[in-house]
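**Q** Got a structure for you, questions after.
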Amino acid sequence: MTISQSCLRHAMAEATTYEEWLDFAQQLDQRTGADEWRAEDRTELLHSRLIRDHQQRLNRLYEQGDWQELAALLTESLYRHLSELNNPELYQGAWSGPKQIVVDYLDTIERCLRGITAESVPGISPAHKLALLEQAERVFGKPALILSGGAAFGIYHLGVVKSLWQAGLMPRILAGSSMGAIMATAICSRSDDELTVFFREQLESVDRIALKWRDWQGIRQHRSLLDERQVMQHIVANAGSHTFKEAFERSGRVLNITVSPTRTHQKPRLLNYLSAPDVLIETAAQASCAVPGLFPPVLLKARRADGEEKPYFSTERWIDGSVHGDLPRERLARLFNVNQTIVSQANPHVIPFIHNRQHRGMRATGQRVAVNLLQANTEQILDISRQALGWTPLRSALRHVHAMASQSYLGDITIQFPFHPLAYRRVLSNPTPEGLKQYIRWGEQATWPQLAMIRETTRVSRVLNECIDSLRAQQAADLSPLSA
């Protein structure tokens, strides 16, 4: 029995696992002819003939064990082709994956890198080999996963991270703002084994109660609508209490949290184990959630080596990281050599303007043009208004609004929260158990179509990292007294 295209699309939307979704996607590609597009080498998007030539030469050198020539050609080929292989159009012609030439070429690259790592190369010591791979890693950069703000919508990030983790594609560098900061702390405070158990057995039993509305007396006293103590309790229940340095040593993942200043002469900060090693991640996440008017500004705290806790920048208070730096791409690039960003975007004020970016055709193009014009005009009006007001209380509010309007909310790959207008009724409420499952499900379903592009565009960085880890482990074993 032949299944119609509409039925296959519906089955993809209702899939409960990535394997199930991929099976329906492959069937849909066969029905639409997209599998033929994948199999065809010819394209204006890359130099197909040269790629196939390099692939054949690399495989021949690998079989001959000519590691020096292989290393030289490998370097030349990667410099020549890697940027064009990251072209998004190579991944948009089919649901189930990019053009096959991309996968075949990267399979060869991975095979060669692992071969050079494992085999003895004449004239190149293991230490020199490690130095060469470390240099290559610096050149090619690293991927990072950035989790946006989003209030209750930010729970969706759990589904995104779950899908990436189970596919073996989660970057070691994570950044979060606002609700995304809470999700990032929960991930980066767990070891690999703990994270596997978390996604397999504990995900649906996480603490859900982050929001507690104040009564009228509390609102007048604290000048905020929500109780900051409740969100702190929620963060600690899900992530524990750790400094940035402790979280890094525990998980091996680099946690980054953005916080925004309350004073105009302070700069937004990206907190991590390098810039703020002793800062407690729970206070950073709380500060990154402090939306003006909903929560009061937060004093960051640090923990000394002797266990004593003390204020960090005692004269400063911090607010929601989404205000000035929802996606801290430039700072991640400077600190950690990040050259590719995977963004999980769930900000309620952003979703309506980006939900059509994955669509094609004249209508979708017209919508994107209209949205871009609206954003540019809004930003200009806010800037003029901010300058015209002078030093008034309203100027400070407009400064925050202008900062939010002038940001870019997209990454190299953007996994976006589905636009469900009725869901906005629940954006400032704690999810029910069923609501929690729905948010996680939306996150998984939004990630599955992006997994092929994430897998291939991050492949060289991931393999280099694994090869470097292998060489370092071997080097440590050789230096161990037990190996003597």
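So that you can scan it fast, the table gives a plain yes or no per residue for (1) surrounded by fewer than 22 Cβ atoms within 10 Å (Cβ to Cβ); (2) among the polar types (S, T, N, Q); (3) assigned to a helix (DSSP H, G or I):
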residue: Ala276; (1), (2), (3): no, no, no
residue: Glu282; (1), (2), (3): no, no, yes
residue: Ala285; (1), (2), (3): no, no, yes
residue: Ala290; (1), (2), (3): no, no, no
residue: Ala302; (1), (2), (3): yes, no, no
residue: Asp306; (1), (2), (3): yes, no, no
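**Q** Quick check on the range 257-265. Is at least one of its residues polar (S, T, N, Q), at pLDDT 95 or above and over 30 Å from Ser429 (Cβ atoms)? Spell out how you get there, then give the answer.
**A** Initial filter on the range 257-265 (polar (S, T, N, Q)): 258, 260, 262, 264.
Checking the rest, the ones that are also at pLDDT 95 or above come to none.
No, the range 257-265 contains no residue that is polar (S, T, N, Q), at pLDDT 95 or above and over 30 Å from Ser429 (Cβ atoms).
**Q** Follow-up. Conditions: (1) more than 28 Å from the chain's Cα centre (by Cα); (2) open to solvent by less than 70 Å² (accessible area, probe 1.4 Å). Asp29 meets all but one. Number of the miss?
**A** Exception for Asp29: condition (1).
**Q** Still on this model: Identify all residues within the range 89-123 that are basic (Lys, Arg) and either open to solvent by 10 Å² or more (accessible area, probe 1.4 Å) or assigned to a helix (DSSP H, G or I) (or both); write none if there are none.
**A** Going residue by residue through the range 89-123, those that are basic (Lys, Arg) are 99, 111, 114.
Within the range 89-123, Arg111, Arg114 meet the criteria.
**Q** Let me ask something additional. Could you figure out which of (1) within 22 Å of Ala152 (Cα to Cα); (2) open to solvent by 10 Å² or more (accessible area, probe 1.4 Å) isn't true of Leu255?
**A** (2)
**Q** Starting from the range 278-296, keep only residues that are among the β-branched types (Val, Ile, Thr), then list their pairs with residues that are open to solvent by 20 Å² or more (accessible area, probe 1.4 Å) whose Cβ atoms are within a distance under 7 Å, requiring at least 6 positions of separation or different chains.
**A** Val279/Tyr312; Ile281/His242; Thr283/Lys301
**Q** Of all the helices (runs of 4 or more DSSP H) wholly in the range 126-214, which have at least 1 residues that are among the basic types (Lys, Arg) and modelled with pLDDT of 95 or more?
**A** Details: elements: 126-140, 156-166, 179-188, 192-197.
The helices (runs of 4 or more DSSP H) meeting that bar are 156-166.
**Q** Turning to a different aspect of this structure: Exposed (fewer than 13 other Cβ atoms within 10 Å of the Cβ), polar (S, T, N, Q) and free of Cβ contacts under 8 Å to residues at least 60 places away in the same chain: does that describe Gln230? Break it down into steps so the answer makes sense when it comes.
**A** Working: exposed (fewer than 13 other Cβ atoms within 10 Å of the Cβ): no; polar (S, T, N, Q): yes; free of Cβ contacts under 8 Å to residues at least 60 places away in the same chain: yes.
So Gln230 fails the test.
**Q** Any residue at all in the range 235-250 that is closer than 16 Å to Arg172 by Cβ, modelled with pLDDT of 95 or more and exposed (fewer than 15 other Cβ atoms within 10 Å of the Cβ)?
**A** Start the filter on the range 235-250 by keeping residues that are closer than 16 Å to Arg172 by Cβ, which leaves 244-245, 247-250.
Add one more test, that the residue is modelled with pLDDT of 95 or more, and what stays is 244-245, 247-250.
Filter again for exposed (fewer than 15 other Cβ atoms within 10 Å of the Cβ), leaving 249.
Yes.
**Q** Every residue in the range 156-172 that is open to solvent by less than 10 Å² (accessible area, probe 1.4 Å) and either β-branched (Val, Ile, Thr) or over 16 Å from Ile415 (Cα atoms) (or both), please.
**A** Scanning the range 156-172 gives Val160, Val161.
**Q** Also, I was wondering about something else. State whether one or more residues within the range 182-195 are open to solvent by less than 10 Å² (accessible area, probe 1.4 Å), in contact (Cβ under 8 Å) with a residue 60 or more places away in the chain, under 20 Å from the mean Cα position of the chain (by Cα) and more than 30 Å from Arg472 (Cα to Cα). Spell out how you get there, then give the answer.
**A** From the range 182-195, those open to solvent by less than 10 Å² (accessible area, probe 1.4 Å) are 182, 184-189, 195; that's our starting set.
Among the residues that remain, those that are also in contact (Cβ under 8 Å) with a residue 60 or more places away in the chain are: 182, 184-185, 187-189.
Then keep just the ones that are under 20 Å from the mean Cα position of the chain (by Cα); that gives 182, 184-185, 187-189.
Filter once more, keeping what is more than 30 Å from Arg472 (Cα to Cα): 182.
Taking every residue of the range 182-195 in turn, at least one turns out to be open to solvent by less than 10 Å² (accessible area, probe 1.4 Å), in contact (Cβ under 8 Å) with a residue 60 or more places away in the chain, under 20 Å from the mean Cα position of the chain (by Cα) and more than 30 Å from Arg472 (Cα to Cα).
The values are calculated or read from the model by the stated rules, or taken from the named source; none is laboratory data. For clarity, every value in this text was computed on a predicted model and none was experimentally measured. A quick note on method: Cβ atoms are made from the backbone with ideal geometry, for glycine too, and the neighbour counts reach across all protein chains shown. The accessibility values were calculated without ligands, DNA or RNA, using every heavy atom of the protein model including side chains. Shrake-Rupley method; radii C 1.70, N 1.55, O 1.52, S 1.80 Å.
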